Structure formats: C-alpha cells, structure tokens
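Read the structure below first, then the notes.
The values are calculated or read from the model by the stated rules, or taken from the named source; none is laboratory data. Since the structure is predicted, the reported quantities are computational estimates derived from the model, not experimental observations. Note: ideal-geometry Cβ built from the backbone for every residue, glycine included; neighbour counts use all protein chains shown.
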Amino acid sequence: MTVPSGPPEVRSPSGKPVPKINTLGPILLVVLPLFVPEVLIEFTAFHVDAALVIAGILPAIVGWTYGPRYALMSIPVAGLLNALAVLAFGHPLATTVLMVGIAVLVGLSALRGLHAVAAFAAIQPAITVVSGFHTVSLGATTPGTGGQALICAGVAVIGGLWAVLVGSVLLRDESSGPPSPVPGRIVVFYTGALVLLLGTAAYVTSTWFLNTTAGWLLLTILLVTRPTYDESRQITRDRALGTVAGGVAAAVVALIVSDSTVLVAIGTLAMVAAAVLQLQHARYVYFAGFVTAAIVLLDAQRSNVFEIDLQRVVYSVLGVALVAAVVAAAELLLGRSTAPQTSGQLPVGAGADP
C-alpha cells in the first residue's frame, strides 16, 4: 500500500476483489444520487441537520462493499450512536464512557473484519460529543435534548436506508463477500490503543474544550488508528499531509470567494470528488485533502472559515501525533507483534470525515 500508484488490489476470503470502479461516468452515477436526501432536507425544518445524512451513508456504503447485510447492520448502529452522542454532550463522564464504548465496539468489530464500518458509524458522534449539535425548531416548538437526539438519529437512519437503496439499484453485483477477520492478538492491541486514546482524549476535550472543533481530535484518532503498525504509520502520514493540504486549499478558496452560498457549493463538489476517490480506492492522502476542504467550506454559512479551518487542522495534526506516539511506544516496548495483514484490509482510500 506504499507504492506511488496506490494500494494493491484487496480481495475477500472468497478471492473476489473488493469492488473498484475506474470509469468516471459509472462513479458519478453512484455518487451523485447519494447526496439527494441531503439536498432535499435543506429545504425542510430539519435543514440544520442535513449533513447528518452523510453520517448514515458512509458506514452503509462501506458495509455494502462487503455485502448488503453489513450495510443494513450499520444503520441502527449509526442511528443509536448519533442519538447517544447528543445525550452525552456537555457531560464529560458520559462522553468518556460513550467513547470508550465506541473504542471497544470498533476494536472488537475487527474480529470479523468490520472495524472500518464501525469506525465510520462513530465519526459524527465523535464530533458531536465535543463540538455540539444544531438545534432543530419545528415552528414555534423546539424539542428538548431527547427530541433532538431522536431527530439526529432519524436523519442518520434516512441516510443509511438511502445508501442501501442506491446500492441495491446501482451496486447490485459489486459486493466482495465477508471481510477477512483480524487475528485475536492484534485485536487486543488495536482495542487497547483505541480505549487509551479515545478515553483520554474524550475526557480532556469534553471537560476543557467543549463547544470547539476539538471533536476532530477524536475523529482523527478513529480514522488513523489501525490494527497493525504499518497501516497506522502509513495512515498517519497521509492524514497529516491531506489535512494540511485540504485546509490550505479551503483557505485560499475562501480568500478568493466571499459568497457563502458559493463556498458551500464548492464544498459539495469537493465532497463529491472525495466520494469518487473512495470508489477508486485512491490513496488516503488525496481523500483526506478533499474531505477536509469540503467540510470546512460546507460550514461556511455558519462559521468563520479561517478560524475553523485552522482549528481543525491543528486538532487533526495533534490526533495524528498522538497515534504516531502510541504506535512508536508500542513497537518499542512490545516489538513487532502486530504483523501486517495480507488480505481483507479495506483499502487506504476507504476513509472519510462527516
């Protein structure tokens, strides 16, 4: 996965390669319909939560690459985690417990090779527990925290169901079969690293950095911590480079374009480009760059682009540094006990931010 041309072909236990679409036309035919619910919700009372559609789409699409049942399984998980994140927000102990639970969920999912699906279901909740959530008002009525949690869960579920519908129509024969499981001894290390990193970071950020973009620290830990040393090392490099490049690109665009509506449109195009790279299994550095730029620009209507851009880059780089430090320390103290896997790994390009 370190060759310049991109990661090698990844195969399922049955020997069938993980789906990879190379032609731009078919890719856009799959990607563009995925954004339809988000666009439609923008014209409803739930418009502030429109981006949560992606929180359901991402794990479902990743699950679909293995099989429809994995996509369906991801939907209630994404809905539940997004609801719990809203309820935990503002409560450091509850936030820490939730993120430790997510660490265990993602880590143990590796026993069946489904850690990527679980991680994507947890990305938006990792942001919400620190950065907060948008409040939906229904006319003169504003639901309480419980109601907001149900709304967030519902929007994520809609995204997941839509992804399954799109997959059943346009990706009917593109599933590779069950992923290869990760060996138990590697899962123990992987789960322990996630618990240590996410538990500590969750408590610190929810206690002293509430209502900031520090949720990107948790998000980065989720995305770059992988079962093996070599995977984690490669992803940390790509994540750091991609985040900085995407952040700089977003800043340059914001300097040239002052209209927030145009900035959001450019951000949407960047997200489409990221989805195209995902389906092409491009290197993660390119994917991370487009996703970072997309998310910064998509928030242009509700935030200061430069300030938010800088914060996210800083927290992402900090997350990369923490994971790199843990990997280096573990390798020094434990030796190379987590040998690289030869099959069943989700390609490096299969990663995204909400």
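Worth a mention:
- Those residues of the range 114-147 which are outside any helix (DSSP H, G or I) and free of Cβ contacts under 8 Å to residues at least 12 places away in the same chain, in sequence order: ALA140, THR141, THR142, PRO143, GLY144
- Within the range 173-184, residues that are β-branched (Val, Ile, Thr) reach partners that are assigned to a loop (DSSP other than H, G, I, E, B) with beta carbons closer than 8 Å, at six or more positions or on different chains, in the pairs VAL182/GLY113; VAL182/PRO227; VAL182/GLN341; VAL182/GLY344.
- Residue match in the range 63-71 (condition: within 18 Å of LEU194 (Cβ to Cβ) and either assigned to a helix (DSSP H, G or I) or in contact with a Pro (Cβ under 8 Å, 6 or more places away or on another chain) (or both)): no
- Hey, VAL77 surrounded by fewer than 24 Cβ atoms within 10 Å (Cβ to Cβ), over 20 Å from SER137 (Cα atoms) and more than 15 Å from the chain's Cα centre (by Cα) or not: no
- Close pairs from the range 227-248: first in contact (Cβ under 8 Å) with a residue 12 or more places away in the chain and more than 12 Å from SER316 (Cα to Cα), partner part of a helix (DSSP H, G or I) and of a type in the set (Phe, Trp, Tyr), Cβ under 7 Å, at least 6 apart: PRO227/TYR190; ILE235/TYR284
- Pairs, first basic (Lys, Arg) in the range 44-72, second crowded, with 24+ Cβ neighbours inside 10 Å, C-beta under 9 Å, six or more apart: ARG69/GLY63
- Some residue of the range 16-32 being touching a helix residue (DSSP H, G or I) at 6+ places or on another chain (Cβ under 6 Å), at pLDDT 90 or above, assigned to a helix (DSSP H, G or I) and more than 30 Å from PRO143 (Cα to Cα): no
- Scope the range 176-187; condition over 9 Å from PRO227 (Cα atoms), out of contact with any Leu (no Cβ under 9 Å at 6 or more places or on another chain) and not in a loop (DSSP other than H, G, I, E, B); matching residues: ARG185
- THR191 on the phi < 0 side of the Ramachandran plot and buried (at least 21 other Cβ atoms within 10 Å of the Cβ): yes
- VAL166 vs. criteria within 16 Å of ALA71 (Cα to Cα) and touching a residue at least 60 places away in the same chain (Cβ under 8 Å): yes
- Test: residue in the range 88-102 that is in contact with a Lys or Arg (Cβ under 9 Å, 6 or more places away or on another chain) and in a helix (DSSP H, G or I): no
- Flag for LEU161 being under 27 Å from LEU40 (Cα atoms), free of Cβ contacts under 8 Å to residues at least 40 places away in the same chain, in a helix (DSSP H, G or I) and within 21 Å of the chain's Cα centre (by Cα): no
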